[in-house]
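This report refers to the structure that appears directly beneath it.
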Amino acid sequence: MSKKTRKKSSNTTGKRVATKVARAAGASTGKSAMKTRTTVAKKAAPKKATKAKAKTTSKTAAGVPGKASHKATSKPLKAEPAATVTKSSAVTLTEGAAAPGFDLPRDGGSSVSLRDFAGKKLVLFFYPRADTPGCTREAIDFTRLKNEFAASGAEVVGISADTVKAQESFRNKHQLSVPLVSDPAHQMLEAYGAWGEKSMYGRTFMGIIRTTVLVDSSGKVARIWRHVKVDGHAEAVLEAARSL
């Protein structure tokens, strides 16, 4: 073989080898790149999933209502029906009897006694509980007519078993101007026959019987209203006070 032929053959062989090496390197590089891309994709997949989950959660929170964090505002409560009186206090006060004495705390921190009204007519209205619908209307009615009672020579006092603090809150909330006496021990309530056994919803309990007592200027009981119905009651008591 001539030198020219050997040289040509050598060049051809060298080119073939270089081509194979290049192809092999390219294939290796391709596999590495693919492997790298696969690895990156796997690592990136959780982030995408997390992002997708966050997006779904955000959408649910904004567009699909979940469980409410608080209950809806309840409807206004209806006034409870009046309890039925099954047995009055053992003490029965009668018209014409001397009004029982008392000395009890009132709203504002001072006290009230029967002696404070000597020589005057006195209206004592006993109510079950401060700031309940019926008791509120009754106290407002007596407050509204306070000046007219004064013109007839009568003073008005409200009594319940509520604490002094509760009476003060009641007074302030409804701008009441008549004294509100606190009798948590029920001494005055029992003495005036305004404490007794009551029944409501099949349950029996002791409580205040809505009662009003009109005492004349000599200190004797002139009129007694038991199981009072609030509507028009203050006006009826005023007429009775004027007639004394």
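All of the numbers you see were taken from the coordinates with simple rules; none came from a lab. None of the values given here were measured: they were computed from a predicted structure. With ideal geometry, Cβ positions are generated from the backbone for all residues, glycine too; neighbour counts draw on all protein chains shown.
Quick notes on this structure:
- Net lengthening on full extension, A98/R129 (0.36 nm per residue, minus Cα-Cα): 8.5 nm
- Sparse packing (at most 15 other Cβ atoms within 10 Å of the Cβ) combined with a DSSP loop state is found for the following trypsin sites (Lys or Arg not before Pro) in the stretch 194-244: K229.
- Across the stretch 165-244, the fraction of Cα-Cα pairs farther apart than 22 Å, rounded to a whole number, is 39%.
- The C-alpha atoms of the stretch 115-230 occupy a region whose extents along the principal axes are 44, 31, 25 Å, arranged from largest to smallest.
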